[in-house]
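Visitor: Please see the structure below; I have some questions.
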Amino acid sequence: MAATSPLMNTYAQQPIVFTHGDGAWLFDSQGRRYLDCLSGIAVNTLGHNHPTLVAALREQIGKVIHVSNLFTHPLRDQLARLLLERSGMTNVFFCNSGLEANEAAIKIARKYGHDRGVALPEIVVYEKSFHGRSLATLSATGNEKVQKGFEPLVEGFVRVSLNDAEGIQRVAANRPNVVAVFAEAIQGEGGIQPARAEYLRELRRLCDEKQWLLMIDEVQCGMGRTGKWFAHQWAGVLPDVMPLAKGLGSGVPIGAVVAHGVAAEVFQPGNHGTTFGGNPLAMRAGIATIEAMEAEHLLGNAAQVGGFIIDQIRSHFAGNPGVAEVRGQGLMIGIELDRSCGDLVTLALEAGLVLNVTADRVVRLLPPLILSREQAQLLLDRLIPLIEARLGRP
Ligand SMILES: *Cc1c(COP(=O)(O)O)cnc(C)c1O
């Protein structure tokens, strides 16, 4: 493979070329049509070829694509304000990807510690978490496969298991250098594992008590995917730091770190930077995404259509021990089987469905937030027989 491909051998890729898309549909070079239930891994919020997004991007490309952070640009302030109004937080730093947003969050936590006299600050992270592929973010990630071969890992992380209030109480009692907790509101790569609302509230309480920063990685679960702007809002908590990326630009690369209060004031001139981050094209994509989400009531749609899919799958497989659990919220859905099911990805493609399997046995659905009820029914009509057939084999 390495001998014939000019690409590094980082992904086992499907031999399908998607030439164009329209709404929740993708079309390949053979003229076949697929219902997109992956959105390029939670990226294409508005689906494909969305009219107002395309028009905004076309117009912006004709004006200016990039100016650098050496100059102000009103689109940067505009997108920042849209994010702040929806999150209740105070300041934003723009970057280009999820790992960059998380890297910035880790730097904020460390400098926050140093500013308070903690020379070797530690950050609490989680088993089964995923935060990215840079050295710091893979060290924070709770998956040995992601880390293997890249040791020495970045130090300063303390790992606990999700939804275990006693575990983090022990950390609070024994680790005086902890300065922050870093959690996904719903773990994505780890198999759609939600942090329970009571657990997030307990984290907020503990962070207030210990003066730790509560940092919630919303790179995958944020931007309306669960039916609220940000998944932690279901628990009614406010984080100090919130990294975003994936769905924020509906396909255009973008990342952001949104911060609140003291965490928003940690970075001073010279502490952090980026060449591409905050460029007008990406900002325009973020603004057009949020405006279209609002105009088309996509939060409500994600909640309703996602709830419908979850209910249908639960009731269809009720009492079937082959389906261990159906988890998630809105259009972030994991169907955990009692066995490995990676082969379902190819079988689904053959059935005209783009989906993903994560954590070996979890079918992951991340459709665009424009998915209609009828398209959700089509998804169920195509997916349920595939799962049934899979459960009929060892
Ligand atoms: C995808 C993901 C990342 C990494 O984002 P990249 O843009 O691939 O760097 C980080 N955190 C979470 C929760 C993710 O799902």
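What follows draws every value from the coordinates through simple rules; no lab data is involved. Source: prediction; values computed, not measured. Ideal geometry is used to build each Cβ from the backbone, glycine not excepted, and the neighbour counts take in all protein chains shown.
Visitor: Fewest to most neighbouring Cβ within 10 Å: what's the order for 148, 246, 128?
Guide: Details: 148 9, 246 29, 128 16.
With the fewest neighbours first, 148, 246, 128 line up as 148, 128, 246.
Visitor: Could you check which residue among 119, 231, 101 shows the biggest mean-square fluctuation in a GNM of the chain with a 10 Å Cα cutoff?
Guide: 119
Visitor: Let me ask another. Which lysines does residue 128 reach when only Cα atoms under 30 Å apart count, and residues fewer than 8 places away in its own chain are ignored?
Guide: Cross-link targets: 107, 111, 145, 148, 210, 228, 246.
Visitor: Which order do 20, 114 fall in if you start with the one that has the fewest other Cβ atoms within 10 Å?
Guide: Ordered from fewest to most neighbouring Cβ atoms within 10 Å, 20, 114 come out as 20, 114.
Visitor: Net charge near residue 260, counting Lys/Arg +1 and Asp/Glu -1 over other residues with Cβ under 14 Å of its Cβ?
Guide: Details: positive: 86, 204; negative: 85, 208, 218, 240, 265.
Counting the neighbours of residue 260, the net charge comes to -3.
Visitor: Build a GNM of the chain with springs between Cα atoms under 10 Å: which of 44, 279, 271 gets the top mean-square fluctuation?
Guide: Result: 271 has the largest fluctuation of those listed.
Visitor: Here is a further query. Would you grab the residues whose amide H sits under 5 Å from the one on residue 95? Only those 5+ places off in sequence or on another chain, please, with H modelled 1.01 Å from N.
Guide: Residues meeting the criterion, in which the H sits 1.01 Å from N, are 255, 256, 257, 278.
Visitor: Per-residue ellipticity at 222 nm for the chain, helices alone: DSSP H runs ≥ 4 residues times -39500 (n - 2.57), over residue total, nearest 500 deg cm²/dmol?
Guide: About -11500 deg cm²/dmol.
Visitor: Here's something else I'd like to know. Calculate the dipole size of the chain relative to its Cα centre from +1 charges on Lys and Arg beta carbons and -1 charges on Asp and Glu beta carbons; express the result in debye to the nearest 20.
Guide: Numbers: 36 positive and 39 negative charges, 45 e Å.
With Lys and Arg at +1 and Asp and Glu at -1, about 220 debye.
Visitor: Here's another thing I want to ask about it. If you average 1/r over every pair of different alpha-carbon atoms in segment 1-132 and take one over that average, what Kirkwood value in Å do you get?
Guide: Every distinct Cα pair counted, the radius reaches 19.5 Å.
Visitor: Restricting to Cα atoms and excluding each atom paired with itself, what does the Kirkwood estimate give for segment 287-358 in Å?
Guide: Hydrodynamic radius (Kirkwood, Cα pairs) of segment 287-358 is 14.0 Å.
Visitor: Over all directions, how big on average is the projection of the convex hull of the alpha-carbon atoms in the chain, in square nanometres?
Guide: 20.5
Visitor: What list do you get for 112, 126 if you sort them by fewest beta carbons within 10 Å?
Guide: Placing the least packed residue first, the sequence is 112, 126.
Visitor: Take residue 311 and residue 201, extend 7 Å from each Cα along the Cα→Cβ direction, and tell me the distance between the two endpoints in nm.
Guide: Those two pseudo-labels are separated by 2.5 nm.
Visitor: Out of 345, 54, 252, any idea which swings most in a Gaussian network model of the chain, alpha carbons joined below 10 Å?
Guide: So, out of 345, 54, 252, the one fluctuating most is 54.
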